[in-house]
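Have a look at the structure below before the remarks.
The values are calculated or read from the model by the stated rules, or taken from the named source; none is laboratory data. Keep in mind the model is a prediction, meaning the values are calculated, not measured. As a convention, Cβ positions derive from the backbone with ideal geometry for all residues, glycine included, and neighbour counts pool all protein chains shown. Each accessible area value is taken on the protein alone, full model and side chains, heavy atoms only, with ligands, DNA and RNA left out. Shrake-Rupley method; radii C 1.70, N 1.55, O 1.52, S 1.80 Å.
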Amino acid sequence: MKFNDVFVVDDDKIFHFIIKKLLHNNNINVIPTFFENGLEAIQRLKWKLDKGESQPDLILLDINMPILDGWQFLEEFKTLKKLLNKEIIIYIISSSDNQYDLDKAKDYTNEVTDYYLKPMSGDELKAIFYN
């Protein structure tokens, strides 16, 4: 699948840098838009919807963030996605290997495609972009 517009929702600036490097090193030609919390990303999705602009193709979502965490983002997204004119693919990428989080991700099978643990490898990123 071809992803043109990608949102990375993660408060970790080092992860932003790593994603940029992995994309570049694996010849994945996309320039992601970065958000430091779920609220910023939800606000951008709503803004794009209000303006009639296309939504992102892919969201890489962290769980543990300030203001609006990944779970809260997904709850907001569930409501918002009913208004969207396309499917947005979401992958959780988190440092949490806590069983609670792994189990909770299963509650969002209609929203979340898969769950990856940080640090993410180039092969894992390629699996997202080239499957």
Quiz prompt | Within region 52-89: backbone nitrogen closer than 18 Å to the L117 label point (7 Å, Cα to C-beta) | solution = 61-64
Quiz item: Per residue, how much accessible area does the chain have with a 1.4 Å probe, in Å²?
Solution: 55 Å²
Practice problem: Could you pull out the trypsin sites (Lys or Arg not before Pro) across region 31-131 that fall in loop regions by DSSP (anything but H, G, I, E, B) with no more than 16 other Cβ atoms inside 10 Å? | Solution: K86
Self-check item: Gain on full stretching of the segment that runs from D103 to N25 - 0.36 nm per residue minus C-alpha separation
Solution: 24.9 nm
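For a Förster distance of 30 Å, can you work out the FRET efficiency between the beta-carbons of L49 and Y130, rounded to the nearest 0.05?
That gives a FRET efficiency of 0.55.
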Quiz item: Which loop GluC sites (Glu not before Pro) in region 52-108, with loop taken from DSSP, have no more than 14 other Cβ atoms within 10 angstrom of their Cβ?
Solution: E53, E87
Quiz item: Is any residue of region 45-62 close enough, with backbone N under 20 Å, to a label point placed 7 angstrom from the Cα of S95 along the Cα-Cβ axis, and if so, which?
Solution: 60-62
Self-check item: Full-stretch length increase - L80, K13 - with 0.36 nm per residue and alpha-carbon distance subtracted
Solution: 21.4 nm
Quiz prompt | Equivalent ellipsoid semi-axes - Cα gyration tensor, region 72-123, angstrom | solution = 22, 14, 8
